[in-house]
Amino acid sequence: MNGAAAVTGLGAVSPFGWGAGPFADGLLAGAGAIGEFDRFDHAAYRTHVAGQVPPEPAGLAARQPCWRRLTLAERFAVAAAAEAVAGAGFGGGGTTGLAGRRAGVFFSSSTGGMLEGEEFYAALEPRRRPRLRGMVAQQVSAPGEAVARALGVTGPVETVSSACASGTLALGLALDALRGGEVDVAIAGGADVLCRITYAGFNSLRSVDERPCRPFRADRAGLSLGEGAAALVLERAEDALARGARPRALLAGAGAAADAHHMTAPHPEGDGAARAIAAALADAGVAAGEIGSLNAHGTGTPHNDLAEWRALARVFGAERARELPLAATKACVGHLLGSAGALEAAAAVVCLERGAVHPAPGGGAVDPETPAALVLGRPRPLAGAAPLLSLNLAFGGCNAALVLVPASA
Amino acid sequence: MNQVVVTGLGAVTAFGAGAEPLAGALARGATRLSPVEPSRRLPRPTGGATSAVRVGDLPLGEWLAPLVARRMSPPSRWAVAAAKMALADAGLSVPDRPGEPDPATAVALATSFGPMSYTQRLLDQILDEGPEAASPSLFTECVANAPAAQVAIQCRAAGRNHTICQREAGALTALARGAADVASGRAARALAGAAEEVTPLVFAILDRFRALARPHRRSSDRVGEAGPAPGATAAAGRGGSRGAAPPAPTEAARPFDRRRDGFTVADGAAVLVLEPAAAAAARGARVLARVRAWGGAFDPTAGRAGWGTGAAGLAVELQGVLGRAGLAPDDIDLVVSGASGAVAGDRLEAAVLRRLWAGAPLPPVLVPKAVTGEYAGGFLAAAVLAAAGRPFGAAPGFARSDDALAVAPHDGSPLPPPRRLLVTSLAAGGSAAWVILEAP
Amino acid sequence: MSDTPVSEDGLKRLIIDSLNLEGVSPEMIDSEQPLFGDGLGLDSVDALELVVAMEKRFGIKIRSDEIEPGAFASVAALSRFVAGRMAEAEAETEAATA
């Protein structure tokens, strides 16, 4: 068992809107934000729904320097990070925001500036002189770097791009850095945008549902893509206490493991996922039987949800796994890819704070082959202060898990 | 916490397969440049660079069967081959499929651009033929974590798996990630490294940004061997605008030189095997280096596309990395600098080093990127070779020190075997990563 | 309406080209041998890659629920499946222009 980190600030940009508030409200209302989108022209694509972030609120440009030059993913990231840092009581960001504290940024992304990169690429023609900014910002590390620049961070800045597990892995790196004394404050999170390459790519794999995704349901038919960003401010629990900051939740442990099985299909028995969960539990000093709720990866593809269920059944025992209230956040906002784990950690914090697991929209029967206690309809209250497990299974077989604990614990 | 050692090194570079061809090039102080085809989409040369340190068509059949490699992007192929070479170099058997994967072997790989040739081909399909022409194989392999996922599958490595994207600081960050996994006991072994491919388009864009080294004015500046690597086929110039003959290598990067004008870009991969020192000793493994400490930092004065002016802050951070390891600059007897020939990058690097040594003379400074180029892990491999006591020749092309920098690369004269090395990397965009290696 | 099966040799070449099966020639693929699993050793991504290639080559649309082991069991099965889809597409065109 190793030290826990306090989550003292939370920021989010999601298909529910700009801010952790709309995100929390949307989740707890069991709303679905996957539907019509216009991030790019999708007329010729096989499917036509996604979770798109609404237009930015007025006034953001005034609050952040160089806003207009930021890519969309950078804007999502900077807005989420600024909200988190302000919420943690460090002020509104900028170079004085974290003064005196050694801070690092641990970020995640699959798409980075790809939306603008695609537009740059499409505009390339021999006779034209393209604006190169779009190509430089294509770097997957750009959103995390933009956060570091905006906040005046001088400690380590790292971006993980391990597909769908990236955000969860980034939180794990943040936890390590805090425990090791490399940083005093960690801003952990991620950002992704809807773009053509991922939308066409997942469609070429026939993995995208024409409808908003329906994780763990018997009639599930694929994933929905989403976009947005999340940022969590983490500090060593004792430091948060010492400065009088109120933790919103605690990050007690993280674990990761690979399937080493196939480039797209998960291990059929969820082997890597089960080991990632075991590692997270061990890291948190929490036994499987103590877990009170779950935030699943739950993409809604037939294979993923089945592999995930099998991993859960292996770790918790089938009987207990059937009872653990499970949140399928992707049903609400879609799959953000790299940053999904970060946004889902934010969802987990929301659930722990409110003492209830958020529902998925859409109703319908749970698949008897994946008999998870998927919360539907209304939030399911949590009795007591049990730890929560958040899990992500990535494309390419990378798996990662987190154990979060209510602040009241 | 375990002490971490490097017991194996594998590399796929312009110099050939394995660490030895690279070691030879570093000892001779000779780079190897090959012409880069004009980009179909951005064909007008504007910066003037024409060559890169490229792997070319190196046969990899010894490490990759064709039916296994058929869907792999170039960085994945190179990363898998380098990982297998590294395991063999470490005296560890490369597991055969379909044996059980090892849950205690971790993977940490860095890439800056990811498998760009596959990304570009996929974009071409989507934009030119329509989204339903998108190839699922190209998509699967164009993601940044494809090389790390393939290494996990092909080397049966089922432990923690991280892909780090942190530009020029990525390779050392990945090394640090692997070392941390082994130090903490969460992995019994880690495969850590970097993989990169350079497409004509990426090359052309870097050149448009004037980031790349250009042909030197004086053709008498001999800086290496002409032409492609052994086993490589020369990429014939297409379109006639660059001619058919490979250029004399008069455009090698010149780190810290007054006339430096950019870096040379490299493709390929390098992978290290990291283990606990005790485990390596128990099995009688040959140790190349010890990984003593690591850390990273950020310079928020850097813009998105370049280097900043935050040398003072970076030096303080680097001092902190040393301090947390119980070390002082006095304890370093060799610097393996990530200086690449980038005008502003080298300036910042020199400023950080001078501040760290605070007026005292610097130890000898090696600049392997003059031979290895930037990206693709060659620098990482060179750092390990330096720690292992291998000789380094003079940096090719270095002729005039830049008085404003007051740092010059070592002149190639024989050095005593180093005991403790500071390995540095400063990335465009502001990231920094440092590793302290020790002799075995 | 065409009732000749799609050329099996052509299909084998399409498989070899679209799946990058270096060193494999059409003669080496038996028309009845399993394509997936133990036979030619293709996997789910190969199946989807083949779908894209066939849609392009034969001008047909293949629904996700049609991508199942039966239709893709062997070159012979695939040939029948594609011929059937092409016939359907032809019939739809005739009906639309009638």
Open item on the list: Residues that are more than 7 Å from chain A (Cβ to nearest Cβ), surrounded by fewer than 21 Cβ atoms within 10 Å (Cβ to Cβ) and touching an Asp or Glu at 6+ places or on another chain (Cβ under 6 Å): does the range B:202-223 have at least one?
Closed with: yes
Task: Residue among A:A385, A:A345 that alone is in contact (Cβ under 8 Å) with a residue 24 or more places away in the chain and in a loop (DSSP other than H, G, I, E, B) - done: A:A385
- [ ] Just one of (1) of a type outside the set (S, T, N, Q); (2) modelled with pLDDT of 95 or more; (3) more than 16 Å from B:A27 (Cβ to Cβ) trips up B:F392, so point out which.
- [x] (3)
- [ ] Output the number of residues of the range B:99-147 satisfying the condition of being assigned to a helix (DSSP H, G or I) and aliphatic (A, V, I, L, M).
- [x] 8
Open item on the list: Step by step: first the residues of the range B:148-185, then only those that are among the hydroxyl-bearing types (S, T, Y) and not in a helix (DSSP H, G or I), then the one that is nearest to the other protein chains (Cβ to nearest Cβ). Which residue is that?
Closed with: B:T163
- [ ] Quick one: which residue in B:G91, B:G16 is closer than 26 Å to B:R390 by Cα, surrounded by fewer than 18 Cβ atoms within 10 Å (Cβ to Cβ) and touching a residue at least 40 places away in the same chain (Cβ under 8 Å)?
- [x] B:G91
Open item on the list: Going through A:A142, A:A150 one at a time, which residue ends up being within 27 Å of A:F120 (Cβ to Cβ) and modelled with pLDDT of 95 or more?
Closed with: A:A142
- [ ] Kindly check whether there is at least one residue in the range B:309-329 that is among the basic types (K, R) and more than 24 Å from A:P65 (Cα to Cα).
- [x] yes
- [ ] With respect to A:N304, determine if the residue is at negative phi, in contact with a helix residue (DSSP H, G or I) (Cβ under 8 Å, 6 or more places away or on another chain) and not assigned by TED's automatic domain parsing to the domain that holds A:R217.
- [x] no
- [ ] Might you check whether a residue that is loosely packed, with under 14 Cβ neighbours inside 10 Å, within 14 Å of chain B (Cβ to nearest Cβ) and not charged (D, E, K, R) occurs anywhere in the range C:47-56?
- [x] no
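Conditions (1) more than 14 Å from chain A (Cβ to nearest Cβ); (2) within 30 Å of A:N2 (Cα to Cα); (3) surrounded by fewer than 20 Cβ atoms within 10 Å (Cβ to Cβ), marked per residue:
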{"position": "B:M1", "(1), (2), (3)": "no, yes, yes"}
{"position": "B:S39", "(1), (2), (3)": "no, no, no"}
{"position": "B:A49", "(1), (2), (3)": "yes, no, no"}
{"position": "B:A52", "(1), (2), (3)": "yes, no, no"}
{"position": "B:G61", "(1), (2), (3)": "yes, no, yes"}
TODO: Just name the residue that is nearest to B:A176 (Cα to Cα) out of those in the range B:350-387 that are touching a strand residue (DSSP E or B) at 6+ places or on another chain (Cβ under 6 Å) and surrounded by fewer than 24 Cβ atoms within 10 Å (Cβ to Cβ).
DONE: B:V365
- [ ] Could you grab me the full set of residues in the range B:58-78 that are within 19 Å of the chain's Cα centre (by Cα) and under 21 Å from B:F15 (Cβ atoms)?
- [x] B:L58, B:P74, B:P75, B:S76, B:R77, B:W78
Task: Verdict on A:D305 being among the charged types (D, E, K, R) and in contact with a strand residue (DSSP E or B) (Cβ under 7 Å, 6 or more places away or on another chain) - done: no
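Condition check ((1) surrounded by 24 or more Cβ atoms within 10 Å (Cβ to Cβ); (2) more than 21 Å from the chain's Cα centre (by Cα); (3) modelled with pLDDT under 95) across all residues:
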position	(1), (2), (3)
B:G99	no, yes, yes
B:T105	yes, yes, no
B:A108	yes, no, no
B:T111	yes, no, no
B:I126	yes, yes, no
B:P136	yes, yes, no
B:C142	no, no, no
- [ ] Quickly run through the range B:288-312 and pick out the residues that are among the hydrophobic types (A, V, I, L, M, F, W, C), touching a helix residue (DSSP H, G or I) at 6+ places or on another chain (Cβ under 6 Å) and in contact (Cβ under 8 Å) with a residue 60 or more places away in the chain.
- [x] B:L288, B:A289, B:V291, B:W294, B:A297, B:F298, B:A305, B:W307
Task: Scope the range A:40-79; condition assigned to a loop (DSSP other than H, G, I, E, B), within 14 Å of chain B (Cβ to nearest Cβ) and of a type outside the set (S, T, N, Q); matching residues - done: A:F40, A:D41, A:H42, A:A43, A:A44, A:Y45, A:R46, A:H48, A:P65, A:C66, A:L70
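Looking at the range A:201-237, which of its residues are part of a helix (DSSP H, G or I) and in contact (Cβ under 8 Å) with a residue 60 or more places away in the chain?
A:N203, A:A237
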Open item on the list: B:P364 - would you say it is over 18 Å from the mean Cα position of the chain (by Cα), of a type outside the set (S, T, Y) and over 28 Å from B:S34 (Cα atoms)?
Closed with: yes
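When residues of the range B:115-132 are filtered for being small (G, A, S) and touching a residue at least 12 places away in the same chain (Cβ under 8 Å), how many remain?
Residues of the range B:115-132 that are small (G, A, S), as a first pass: B:117, B:130.
With the extra rule that they be touching a residue at least 12 places away in the same chain (Cβ under 8 Å), the set shrinks to B:117.
Counting residues in the range B:115-132 that are small (G, A, S) and touching a residue at least 12 places away in the same chain (Cβ under 8 Å) gives 1.
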Open item on the list: Let me spell it out: the conditions are (1) loosely packed, with under 15 Cβ neighbours inside 10 Å; (2) within 17 Å of B:K84 (Cα to Cα), and B:V68 meets all of them except one. Which number is the exception?
Closed with: (1)
Open item on the list: On the basis of being touching a residue at least 40 places away in the same chain (Cβ under 8 Å), in a helix (DSSP H, G or I) and of a type in the set (G, A, S), does B:A315 make the cut?
Closed with: yes
Task: Positions within the range B:292-335 being crowded, with 17+ Cβ neighbours inside 10 Å and at the interface with chain A (Cβ under 7 Å from one of its Cβ atoms), in sequence order - done: B:G295, B:G296, B:A297, B:F298, B:P300, B:R304, B:G313, B:E317
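The values are calculated or read from the model by the stated rules, or taken from the named source; none is laboratory data. Because the structure is predicted, anything quoted here is derived from the model rather than measured. With ideal geometry, Cβ positions are generated from the backbone for all residues, glycine too; neighbour counts draw on all protein chains shown.
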